[in-house]
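Undergrad: Encoded as structure tokens, here's the structure I'll be asking about.
Throughout, read-outs are computed from the coordinates displayed, never taken from laboratory work. Since the model is a prediction, treat every value here as computed from it, not as a measurement. Methodologically, a virtual Cβ is constructed for each residue, glycine included, from the backbone with ideal geometry; neighbour enumeration extends over all protein chains shown.
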Amino acid sequence: MRILLVSPKFASGWKPYIMPPIGLCYLKASLTKAGFKDTKVLDASNYSIKRIKREIEIYRPDIIGVTCFTEARHNALDVTRVAKELGATTILGGVHPTFMYKQILDNYKSVDIVVVGEGEETIVELAKSLVRGKWESIGGLVLRYKDQIIVGSERERIEDLDSIPYPDYSDLDLKRYDEFPILTSRGCPFQCVFCSARACWGNWRHRSVPNVVKELGYSVSRYGRKSFIITDDIFSASSKRVEELCQALVDSKLGIKWKIQTRVDSVTLPLLGLMKEAGCTGIVFGVESGSPTILKNLNKKEDIESVVEAFTWCNQVGICSTFNVLIGAPGETVETLNETRELIRRCRPSIVSTAVLRVYPGTPLWAQEEYSDDWLLGGGETLYYTKAMRLNEMYRHSREMRMLQARLNGMKGYLNLIKFGMVSLRRIPSKVFRSIG
Ligand code: B12
């Protein structure tokens, strides 16, 4: 049984090879452990569909699994179309099909099976049942059988994350990537209106400290990496675990550097000091807004003073801090954006990163909006939330905020603007979009 796992081109505006497709590398590791050794991960984030077709012809897989974000869905569906033409069984997985499986199976005959949610256990059971040529009821699967869509039972999320084998990156040319990921926890206890993490991954679950440190040590020796990006939605949900992890990293003498993303209210000055000592070089805080009203509308459950403290402490201990701004939230006005500017001035972050609000399936905001999902079937790539502000106005504020942080940080700020501004310019998206409002 030959299995090819493909990560297609990102959404337009994104450069390829930012980091390896960690989800597919997790799947490869689980499949290999279960005996499916003819499994290959193909990062096609820079490939034309013609080149992907050639790769499929050469590898001749029985099964093709494709990972799919909402904005990359057209690219992912193109891969399934080509794979189907070449006779493979096609499986779509990832955050977008997790929520939109019915629409996908109803409308795209090139997709045979959708895997909902976490894929490690499901893909192994599925591969085994395909070998046996016998369909069994496998949790977490939705499939088309004789023109009927069959929705399997819900699969329990994996409680013991230590039981999952480390992601296998051996098929990839790691020199290409800007970042090297590691995942130490899954899920999030919060439910911000723009985020689907809670719905997709459930409440926060974490790996044990020895298991994480062992993977880091393995990555140093196996892949020669010394610098990591921890892609957890909320790294410091438990300060006790962070303390233990930092202590273990100091004791391990691995000498690695790492960056995280987390919430402002989950750090303290002593914790940040310890993190710095253990190799933490950067933290991205999803602040989103400087307006208490907007924070409430976003269900952020965060207060302004915690924001100021977190950035002040990062500056004290010497950790590079990123202030994420979300522009155009429900209720956003020029005044609320001025409150955000004022907060940036008070916080003095190393970097300001901005995003214009988009709406994704599985988020509370998606559920609140009463409109048809049909737009996903059209050519549009992105759904912008434009009830509060017009799109060009939001992008104007976005540019202004980035300039503000450059001015506040002098030479260093302008250098950061050049470095990250260029990337963000590329991120300023597609001409193909829809907007609500
Ligand atoms: C790191 C990250 C990135 C990185 C790298 C992504 C990558 N190449 O993996 C970068 C910076 C590139 C990025 C960019 C973007 N991201 Co991002 N990102 C993340 C983040 C924080 C972690 C990803 C991760 O490590 N996941 C862990 C792995 C294990 O999970 P996984 O890849 O989903 O795979 C598992 C399952 O989904 C499933 N599975 C996945 N694929 C397949 C395929 C098959 C065949 C099977 C069987 C199973 C399966 O099995 C895997 C193992 O359990 C997630 C949040 C999250 N918790 O996932 C957001 C997230 C995925 N990103 C998100 C968004 C919105 C974006 C952007 C669109 C942002 C923007 N506004 O421009 C861009 C677009 C990128 C694109 N592809 O189009 C949203 C996606 C929402 C959506 N519906 O699409 C998320 C969910 C954040 C959120 N909470 O809303 N992102």
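Undergrad: What order do you get for 387, 28, 253 when you list them from fewest to most C-beta neighbours inside 10 Å?
TA: Numbers: 387 15, 28 24, 253 7.
The fewest-first ordering by Cβ neighbours comes to 253, 387, 28.
Undergrad: Return the whole-Å distance between the Cα centroid of segment 367-413 and the Cα centroid of segment 117-160.
TA: 37
Undergrad: Can I ask one more? Near the amide H of residue 354, under 5 Å away, which other amide H atoms are found, from residues 5 or more places off or on another chain, if H is placed in the peptide plane?
TA: 325
Undergrad: Need the C-alpha centroid separation for segment 20-97 versus segment 178-205, integer Å.
TA: The distance from the Cα centre of segment 20-97 to that of segment 178-205 comes to 23 Å.
Undergrad: If you project the alpha carbons of segment 179-436 onto the principal axes, what extent comes out on each, in Å, largest first?
TA: 52, 42, 32
Undergrad: State, to one decimal in nm², a quarter of the convex hull surface area for the C-alpha atoms of segment 95-191, i.e. the direction-averaged projected area.
TA: 9.0
Undergrad: Find how many whole Å separate the alpha carbon centroid of segment 277-338 from the alpha carbon centroid of segment 213-266.
TA: Result: 22 Å between the Cα centres.
Undergrad: Around residue 204, which amide H atoms from residues at least 5 apart in sequence, or from another chain, sit under 5 Å from its own amide H, with H modelled in the peptide plane?
TA: Those lying under 5 Å, H to H, from residue 204 are 188.
Undergrad: In terms of modelled amide H atoms, which long-range or inter-chain residues lie less than 5 Å from the amide H of residue 236?
TA: When sequence neighbours closer than 5 places are left aside, the close amide H contacts are 263.
Undergrad: Taking other Cβ within 10 Å of each residue's Cβ, how do 251, 147, 303 sort, fewest first?
TA: Details: 251 10, 147 6, 303 13.
So the ranking, lowest neighbour count to highest, is 147, 251, 303.
Undergrad: Right, here's the next one. I want the antiparallel fraction of DSSP beta bridges within segment 3-151, as a percent rounded to 5.
TA: If we restrict to bridges inside segment 3-151, about 30 percent are antiparallel.
Undergrad: For residue 377, project a label point 7 Å along Cα to C-beta. Then give me every residue of segment 81-119 with its amide nitrogen under 12 Å of that point.
TA: 103-109
Undergrad: Let me ask you something else. Find the all-direction average of the projected area of the Cα convex hull for segment 185-277, expressing the result in square nanometres with one decimal place.
TA: Numbers: hull surface 24.8 nm².
For segment 185-277, averaging the hull's shadow over all directions gives 6.2 nm².
Undergrad: Where q = 0.12 Å⁻¹, what log10 of I(q)/I(0) comes from the Debye formula for the chain, counting one point per Cα?
TA: At q = 0.12 Å⁻¹ the computed log10 ratios are -1.08.
Undergrad: Just to confirm the filter: which trypsin sites (Lys or Arg not before Pro) across segment 181-252 are DSSP coil and have at most 16 other Cβ within 10 angstrom of their Cβ?
TA: The qualifying sites are 226.
Undergrad: Hey, can you rank 342-350, 129-137 by average C-beta count inside 10 Å, highest first?
TA: 342-350, 129-137
Undergrad: Let me ask something else about it. Go through segment 152-157 residue by residue and turn each phi into a ³J(HN,Hα) via Karplus (6.51, -1.76, 1.60, θ = phi - 60°); whole Hz please, and just put x for glycine and proline.
TA: x, 5, 6, 9, 5, 6
Undergrad: Also: For segment 12-53, restrict the atom set to alpha-carbon positions and state the Rg and Dmax in Å.
TA: 12.6, 38
Undergrad: Let's see if you can work this out: charge +1 on each Lys and Arg Cβ, -1 on each Asp and Glu Cβ, no other charges. What is the dipole magnitude of segment 3-151 about its Cα centre, in debye to the nearest 20?
TA: Values: 21 positive and 16 negative charges, 78 e Å.
So the dipole magnitude of segment 3-151 works out to roughly 380 debye.
Undergrad: Right, next: With θ set to phi - 60°, apply the Karplus curve 6.51 cos²θ - 1.76 cosθ + 1.60 along segment 114-125 and write out the HN-Hα couplings as whole Hz, x wherever there is a Gly or Pro.
TA: Each residue's phi maps through the Karplus curve to give 10, 9, 8, x, 4, x, 4, 6, 4, 5, 5, 4 Hz.
Undergrad: Along the three principal axes, how long is segment 3-151 when you take its alpha carbons, biggest first, rounded to the nearest angstrom?
TA: Projected onto the principal axes, the Cα atoms of segment 3-151 cover 40, 33, 27 Å.
Undergrad: Continuing with this model, one more query. Kindly give the semi-axes, whole Å and largest first, of the ellipsoid equivalent to segment 1-81, taking each as the square root of 5 times a Cα gyration tensor eigenvalue.
TA: Listed largest to smallest, the semi-axes of segment 1-81 are 21, 15, 10 Å.
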